[in-house]
Amino acid sequence: MDFNLIGLIRAAILNGTPLLYGTSGEILTQKSGNMNLGVEGLMFMGGAFGLCGAFVYDTMAGDAALGAVAVVIAFLCAFLAGVVGALIFSFLTVTLRANQNVTGLALTIFGTGVGQFVGELMRIRVGGNVSISNGLKGAFSGSIFPEFMQNIPVIGPLLFNYNVFVYIGVIIVLVMYWFMNKTRKGLYLRAVGESPATADAAGISVTRYRYIATCIGGGISALGGMVHTMTIAGCVWNHNALAGEGWVAVALVIFCLWKPLNSLWGSMLFGGLLILYLRLPIPFLPTQIYKIVPYIATAVVLVIVSMRQRKEDQPPAGLGLNYFREER
């Protein structure tokens, strides 16, 4: 079996892009102190509503449908679905002060159910598989660069031969890094995650920052589900296509040490590990064991981080803890 390194790198980036969205969105959420374990549900909602938006537009516009418009509609529908899901989580945990871990698990069940319902409803309406027309599929999976740039030896396939969501994901991460580390608002956000009582005493609204960060982070995470459905799954709804993606994203947050820039290479690494059994099979290693390699890597990172005891590698001190102002 021939081993194609460039092909493996490209596959790792394409398969890691949904994880990049899920991970970066959850990093933003956790930096505010909210532990949202409902990423799996948010990604299901994003995948279902993103496809639904593009499908409805394709059906209504017919031959006049434009690929760029379909991409924008799918993007907005998925993002808004994630925001709504994260808003429910925020209301329960920030306003009502419900347990964050239990609420996150409930959101996973709720979001998965909503996504499955929307997908099944579309399937019943069309009487078969739910998919958009071939004319629009290229807008989701095709490269945004000219063909001559894609054909540059080595550089072309590695840099210029991806769908638009790969580059948008990179931009989101860079903007997130700049916001968190170079702006006053980003400093306030990190302060809320580290010590909400101190931030509150300094006049920073803990409630506002946690709501905004969680909702935007949830919207970004939901985009990962849409990207997976519209690129890897070929714009076809599959009930089981997203199973496990959200949990991998949560593990990747820990692996990346809650640092946005780390999610760039971390998502590519995990994306490669998730499909490595297809590209480089080991005869004596069962596929099921091969697939848990990312989680083993996360456990190893946790052990190393715990041994090093470096402050910058630790999660926000207030992560997962509800803030009770009267106890300040």
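The values are calculated or read from the model by the stated rules, or taken from the named source; none is laboratory data. If you're wondering where the values come from, they're calculated on a predicted model, not measured in any experiment. Here the Cβ positions follow ideal geometry from the backbone for every residue, glycine too, while neighbour counts run over all protein chains shown. Just the protein is used for accessible areas: all its heavy atoms, side chains included, with ligands, DNA and RNA removed. Shrake-Rupley method; radii C 1.70, N 1.55, O 1.52, S 1.80 Å.
Tell me, yes or no, whether region 14-24 has at least one residue that is part of a helix (DSSP H, G or I), of a type in the set (Val, Ile, Thr) and open to solvent by less than 50 Å² (accessible area, probe 1.4 Å).
Restricting attention to region 14-24, the residues satisfying the condition of being part of a helix (DSSP H, G or I) are 14-24.
Applying the additional criterion that residues be of a type in the set (Val, Ile, Thr) yields 17, 23.
From what is left, the residues that are open to solvent by less than 50 Å² (accessible area, probe 1.4 Å) are 17, 23.
So far as region 14-24 goes, yes, one or more of its residues are part of a helix (DSSP H, G or I), of a type in the set (Val, Ile, Thr) and open to solvent by less than 50 Å² (accessible area, probe 1.4 Å).
Name the pairs whose Cβ atoms lie under 7 Å apart, with the first residue in region 79-95 and in contact (Cβ under 8 Å) with a residue 12 or more places away in the chain and more than 22 Å from Arg325 (Cα to Cα), the second open to solvent by 60 Å² or more (accessible area, probe 1.4 Å) and in a helix (DSSP H, G or I), and 6 or more positions between them or separate chains?
Between residues of region 79-95 that are in contact (Cβ under 8 Å) with a residue 12 or more places away in the chain and more than 22 Å from Arg325 (Cα to Cα) and residues that are open to solvent by 60 Å² or more (accessible area, probe 1.4 Å) and in a helix (DSSP H, G or I), the close pairs are Ala81/Phe49.
Condition test on Thr59, is it out of contact with any strand residue (DSSP E or B) (no Cβ under 7 Å at 6 or more places or on another chain), free of Cβ contacts under 8 Å to residues at least 12 places away in the same chain and in a helix (DSSP H, G or I)?
On the way: out of contact with any strand residue (DSSP E or B) (no Cβ under 7 Å at 6 or more places or on another chain): yes; free of Cβ contacts under 8 Å to residues at least 12 places away in the same chain: yes; in a helix (DSSP H, G or I): yes.
Considered against the rule, which asks whether it is out of contact with any strand residue (DSSP E or B) (no Cβ under 7 Å at 6 or more places or on another chain), free of Cβ contacts under 8 Å to residues at least 12 places away in the same chain and in a helix (DSSP H, G or I), Thr59 comes out as yes.
Can you name every residue in region 75-91 that is farther than 14 Å from Gly115 by Cα and among the aliphatic types (A, V, I, L, M)? Full working, then the answer.
Just the residues of region 75-91 that are farther than 14 Å from Gly115 by Cα, to begin with: 75-76, 83, 86-91.
Matches in region 75-91: Leu76, Val83, Ala86, Leu87, Ile88.
Which pairs do you get when a residue that is on the phi < 0 side of the Ramachandran plot and open to solvent by less than 10 Å² (accessible area, probe 1.4 Å), found in region 34-50, comes within reach of a residue that is basic (Lys, Arg) and in a helix (DSSP H, G or I), reach meaning Cβ atoms under 6 angstrom, with the pair 6+ apart or on two chains?
From region 34-50, the pairs are Asn34/Arg210.
For the condition open to solvent by 40 Å² or more (accessible area, probe 1.4 Å), closer than 20 Å to Ala64 by Cα and of a type outside the set (S, T, N, Q), what is the one hit in Gly127, Gly142, Gly135? Walk me through it before giving the result.
On the way: Gly127 fails: closer than 20 Å to Ala64 by Cα; Gly142 fails: open to solvent by 40 Å² or more (accessible area, probe 1.4 Å).
Every option except Gly135 fails the conditions.
Are there any pairs with C-beta distances below 8 angstrom linking a residue in region 257-273 that is under 14 Å from Pro315 (Cβ atoms) to a residue that is of a type in the set (Lys, Arg) and surrounded by 23 or more Cβ atoms within 10 Å (Cβ to Cβ), with the two at least 6 apart or on different chains, and if so which?
From residues that are under 14 Å from Pro315 (Cβ atoms), the pairs are Trp258/Lys31.
Residue-by-condition table, conditions (1) at pLDDT 90 or above; (2) farther than 21 Å from Ile6 by Cβ; (3) open to solvent by less than 20 Å² (accessible area, probe 1.4 Å); (4) in contact with a Phe, Trp or Tyr (Cβ under 9 Å, 6 or more places away or on another chain):
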{"site": "Ala241", "(1), (2), (3), (4)": "no, yes, no, no"}
{"site": "Asn262", "(1), (2), (3), (4)": "yes, yes, no, yes"}
{"site": "Leu274", "(1), (2), (3), (4)": "no, no, no, no"}
{"site": "Arg279", "(1), (2), (3), (4)": "no, no, no, yes"}
{"site": "Leu285", "(1), (2), (3), (4)": "no, yes, no, yes"}
{"site": "Gln288", "(1), (2), (3), (4)": "no, yes, no, no"}
{"site": "Pro294", "(1), (2), (3), (4)": "no, yes, yes, yes"}
{"site": "Ala299", "(1), (2), (3), (4)": "no, yes, no, no"}
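Let's see how each residue does on (1) at negative phi; (2) in contact with a Gly (Cβ under 8 Å, 6 or more places away or on another chain); (3) not aliphatic (A, V, I, L, M):
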{"residue": "Glu147", "(1), (2), (3)": "yes, no, yes"}
{"residue": "Ile168", "(1), (2), (3)": "yes, no, no"}
{"residue": "Ile171", "(1), (2), (3)": "yes, no, no"}
{"residue": "Glu194", "(1), (2), (3)": "yes, yes, yes"}
{"residue": "Tyr211", "(1), (2), (3)": "yes, no, yes"}
{"residue": "Trp237", "(1), (2), (3)": "yes, yes, yes"}
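Tell me yes or no: at least one residue of region 244-260 is closer than 18 Å to Gly218 by Cα, in contact with a Lys or Arg (Cβ under 7 Å, 6 or more places away or on another chain) and buried (at least 18 other Cβ atoms within 10 Å of the Cβ).
yes
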